[in-house]
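The values are calculated or read from the model by the stated rules, or taken from the named source; none is laboratory data. Since the structure is predicted, the reported quantities are computational estimates derived from the model, not experimental observations. Positions of Cβ are generated from backbone atoms using ideal geometry, with glycine treated the same way; all protein chains shown enter the neighbour counts. SASA here: full protein model, heavy atoms, side chains in, ligands and nucleic acids out. Shrake-Rupley method; radii C 1.70, N 1.55, O 1.52, S 1.80 Å.
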Amino acid sequence: MTRLVPTALIILTASAATADETRQLDAHEHGVGQLNIAFDGDQIAMELHAPGADIVGFEYTAESAEDRGLVDAAVATLARPLDLFALPAAAGCSVVQASASLESEEANDEHGHEDHAEHEEEGDDHAEHDHKDENHAAHEEDHDHAEEAHHTEFHAEYLLNCANPAQATLIDFAYFDAFPNALELEVQVITDRGATAFEVERDAPVLDLRDMF
Ligand SMILES: [Zn+2]
């Protein structure tokens with residue numbers, strides 16, 4: 001599969017990897033995602049990062065059937081890029097590759113659960129019992145704190161092929177209709193003429209790229 005990846009996607013992946021090294025999930029801003037778009041010949045490579053809060057409305061570990069269902073539905077929606085970032089029909093774009101997943105910081109949460117379980121197994125003689133309850137309460141606080149610090153992000157990568165990429169100059173961000181908690185996308189567009197950053201907001205969900213070609 002690697003040998004089929006075009007230059008543009010390699011550039012995107014490299015820049016994203018650099019960003020990931022300096023950016024922790026807990027540094028993300030809820031409501032704000034990042035979208036990189038690289039035009040290379042008749043191909044368009046895209047990479048999206050968005051907080052779990054934007055996509056499903058929560059960032060705790062999905063355990064209930066309802067929450068798991070929300071995550072599964074979101075991943076399925078994120079795997080249809082042309083429904084989220086609509087391009088003019090004249091561009092004749094189709095999806096070559098699309099993948100989406102949920103990334104999470106599991107460590108804090110699992111640690112909290114382990115401590116919790118250990119205390120449930122402590123002896124049940126009465127003197128121990130009061131002591132146990134105190135510890136139990138203290139660990140509940142730790143656990144809540146861990147939950148607050150727990151962040152997730154959805155990550156998606158797309159590769160499009162366009163019959164007439166010169167017509168792909170207007171992107172309609174239906175993304176904001178699909179995800180009501182999303183407020184803004186920080187967009188970086190790379191073309192032959194260089195890289196340009198945009199902020200696309202819910203209030204004006206259209207990106208005009210005519211000056212980029
Ligand atoms: Zn978060």
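A few notes on this one:
- Failed item, numbered, when Pro205 is tested on (1) touching a helix residue (DSSP H, G or I) at 6+ places or on another chain (Cβ under 8 Å); (2) open to solvent by 80 Å² or more (accessible area, probe 1.4 Å); (3) more than 23 Å from Gln97 (Cβ to Cβ): (2)
- Among the residues making up the stretch 29-50, those that are open to solvent by less than 30 Å² (accessible area, probe 1.4 Å), among the small types (Gly, Ala, Ser) and away from the ligand (no atom under 16 Å from the Cβ) are Ala38, Ala45.
- Candidates are the residues of the stretch 153-177 that are closer than 30 Å to Arg68 by Cβ and open to solvent by 10 Å² or more (accessible area, probe 1.4 Å); the one that is nearest to the ligand (Cβ to nearest atom) is His155.
- Some residue of the stretch 56-66 being closer than 26 Å to Asp172 by Cβ and away from the ligand (no atom under 11 Å from the Cβ): yes
- Residue within the stretch 143-162 that is modelled with pLDDT of 95 or more, in contact with a helix residue (DSSP H, G or I) (Cβ under 6 Å, 6 or more places away or on another chain) and assigned to a helix (DSSP H, G or I) present: no
- The requirement of being open to solvent by 50 Å² or more (accessible area, probe 1.4 Å) and among the small types (Gly, Ala, Ser) is fulfilled somewhere in the stretch 187-197, by at least one residue.
- Search result, residues across the stretch 65-110 that are modelled with pLDDT of 95 or more and acidic (Asp, Glu): Glu66, Asp67, Asp72, Asp83
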